[in-house]
Amino acid sequence: MSQPDILVLYYSRYGATKDLARLIAEGIESVQGVNARLRTVPAISTVCEATEVSVPQDGAPYVEYSDLQECIGLALGSPTRFGNMAAPMKYFWDGSSSEWMNGALIGKPACVFTSTGSMHGGQESTLLTMMIPLFHHGMMLMGIPYSEPDLMSSNTGGSPYGVTHLAHADGRAPISLEEQRLAKAQGKRLAETALKLHLNKKQGI
């Protein structure tokens, strides 16, 4: 019998958000009985022609709307664009009306994560804006509790709204040890919650 999946959906331009996604996936898969399903979204263009190949040359496959229906939880990540999620990620959610009408995500837990070029480059506002469409889809949003000591000691990324990473202007700063632990802890917490809800639903509780 196959294990249920938690969708880790991200957009990454220079690789930092992708690295965070992989750490969150690692935290998810530290919980027995659940898998992480890594997916990304294609870049978009101001012109009408498609600019991306239909299958990525490397990294995670492109997400399909069926992934929303099939997952038991969601971790959503994007770099910041003026304090908001990147356009390719927003474009994906703008097209999710059918899933909204069908209630594909109602009652499922979710968390958010981001990477920015500067400490005050919109980390927390980006996390908050990513939460908004998830609330509309009826999801239950989870953050990181202060029982995680790295929230108090990190001088790069880290937020009770979700894990963050300070990548610096060139996007090349490595993910700090505090950020790594927070990402794994967030993934583990999401997986534990999603699995409990999933099993309770199957048992009719």
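Readers should treat all values here as calculations from the given coordinates under stated rules, not as data from a laboratory. What you see is a predicted model, and the numbers here were worked out from it, not measured in a lab. Counting neighbours? That spans all protein chains shown, and the Cβs are built from the backbone with ideal geometry, glycine included.
What stretch of the chain, leaving out the sites themselves, is the longest with no chymotrypsin sites (Phe, Trp or Tyr not before Pro) in a DSSP loop having at most 16 other Cβ atoms within 10 Å?
Details: sites that count: Y14, F82, Y146.
The answer is 15-81.
Report, by chain and number, residues whose modeled amide H sits under 5 Å from the one on I44, excluding near sequence neighbours (fewer than 5 apart, same chain).
Result for I44 returns nothing.
For the pairs K18/K201; K18/K196; K108/K196, note any where the Cα-Cα span goes beyond 22 Å. Kindly include the intermediate steps, with their values, before the conclusion.
Numbers: K18/K201 31 Å; K18/K196 27 Å; K108/K196 11 Å.
Listed pairs above 22 Å: K18/K201; K18/K196.
Tell me, in nm to one decimal, what length is gained between F82 and S2 on full extension, where the rule is 0.36 nm per residue of separation less the Cα-Cα distance?
Working it through step by step, the gained length comes to 24.7 nm.
Under the 0.36 nm per residue contour assumption, what length would be gained going from the current alpha-carbon distance of D170 and E70 to full extension? The partial results should precede the final answer.
On the way: separation 100, 0.36 × 100 = 36.00 nm, distance 3.64 nm.
My answer for the length gained is 32.4 nm.
Compute, for the chain, the length of the dipole vector about the Cα centre, with Cβ point charges of +1 (Lys, Arg) and -1 (Asp, Glu) only. Units Debye, rounded to 20.
Values: 16 positive and 19 negative charges, 75 e Å.
Rounded to the nearest 20 debye, it is 360 debye.
For every helix of n ≥ 4 consecutive DSSP H residues, a contribution of -39,500 (n - 2.57) applies; sum these over the chain, divide by its total residues, and give [θ] at 222 nm rounded to the nearest 500 deg cm²/dmol.
After summing the helix terms and dividing by residue count, I get -11500 deg cm²/dmol.
K196: net charge of surrounding residues, Cβ under 14 Å, Lys/Arg +1, Asp/Glu -1, itself excluded?
+4
Test of understanding: what is the full-extension gain from S30 to S118, defined as 0.36 nm times their sequence separation minus their Cα-Cα distance?
Taking 0.36 nm per residue and subtracting the Cα distance, the gain is 28.6 nm.
Which one, (i) 16.1, 50; (ii) 18.6, 60; (iii) 15.9, 47, gives Rg and Dmax of the Cα atoms in Å as derived from the coordinates shown?
Here the calculated entry is (i).
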